[in-house]
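Visitor: Once you've had a glance at the structure underneath, I'll fire off some questions.
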Amino acid sequence: MVDGPKGHLVFACGPGLYAVPAERAAEVVNLPPLTRVPGAGPHLLGVFAHRGEVLPVIDLARLVGKPVDEPFKRVVLVRVPKGAMALTATRVIGVSHLEGALPRLAEAGALAHLHGPARVPAGECAAIEPEGLLDFLARGR
């Protein structure tokens, strides 16, 4: 759950805006060439090596059921105590503050780890709960 004013990195993945807690957004990098993962779901675009670590690249829009036609040029590297992932981004908006307790967007699936909608200067966004999302993805959903 998102409580109180906190800094979040806000970014777009196609027409949708998303936010991750700033302390979990390690960096934003250009999307490198990817190695495909046989048998992976359509939301896992592949993996790449970054500073000695292999990171999965998650097509956030496809994961939440809103495929994007424009190419991804960057990824947001998200780190939690259990691991890391890279989330696709079509553009980075900046750091904003989200207010209040935001409800989950759904009770199950990937949307259970998104909260909102939250208001930011760029519009409405969904706040990502990175620990829960990474656990969900690790279970192979």
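The values are calculated or read from the model by the stated rules, or taken from the named source; none is laboratory data. Everything numeric here is computed off the predicted structure, so don't read it as measured data. Here the Cβ positions follow ideal geometry from the backbone for every residue, glycine too, while neighbour counts run over all protein chains shown. In case anyone asks, the SASA skips ligands and DNA or RNA and just uses the protein heavy atoms, side chains included. Shrake-Rupley method; radii C 1.70, N 1.55, O 1.52, S 1.80 Å.
Visitor: Using the Karplus curve 6.51 cos²θ - 1.76 cosθ + 1.60 with θ = phi - 60°, work out ³J(HN,Hα) for each residue of the stretch 39-50 in order, rounded to whole Hz, and write x for Gly and Pro.
Guide: With the stated coefficients, the stretch 39-50 comes to x, 6, x, x, 6, 8, 6, x, 10, 8, 8, 9 Hz.
Visitor: For the chain, what does the accessible surface come to per residue with a 1.4 Å probe? Please give it in Å².
Guide: Each residue of the chain exposes 51 Å² on average to a 1.4 Å probe.
Visitor: State whether the stretch 74-141 is rounded, prolate or oblate according to the following rule on the C-alpha gyration tensor (a ≥ b ≥ c being the square roots of its eigenvalues): a/c under 1.5 gives rounded; otherwise a/b larger than b/c gives prolate, and the remaining case gives oblate.
Guide: Taking the square roots of the gyration eigenvalues as a ≥ b ≥ c, the stretch 74-141 is oblate.
Visitor: In what sequence, largest accessible area first, do Arg139, Arg24 appear using a 1.4 Å probe?
Guide: Largest to smallest exposure gives the sequence Arg139, Arg24.
Visitor: How large, in percent, is the carbon and sulfur part of the accessible surface of the stretch 6-138 at a probe radius of 1.4 Å?
Guide: 54 percent
Visitor: Separate question: Could you give me the ³J(HN,Hα) list for the stretch 125-136, computed from phi with Karplus coefficients 6.51, -1.76, 1.60 and θ = phi - 60°, whole Hz, x at Gly and Pro?
Guide: Each residue's phi maps through the Karplus curve to give 9, 9, 8, 8, 9, x, 4, x, 5, 5, 4, 4 Hz.
Visitor: Let me ask something else. With r defined as the distance between the Cβ atoms of Glu27 and Ala108 and R0 fixed at 41 Å, what FRET efficiency is calculated, to the nearest 0.05?
Guide: In this case the efficiency is close to 0.85.
Visitor: Relative to the compact globular guide of 2.2 N^0.38 Å, what is the alpha carbon radius of gyration of the chain, as a ratio?
Guide: So the Cα radius of gyration is 0.97 times the expected 2.2 N^0.38 Å.
Visitor: What number comes out for the charge environment of Pro15, summing +1 per Lys or Arg and -1 per Asp or Glu over other residues with Cβ under 15 Å away?
Guide: Result for the neighbourhood of Pro15: -1.
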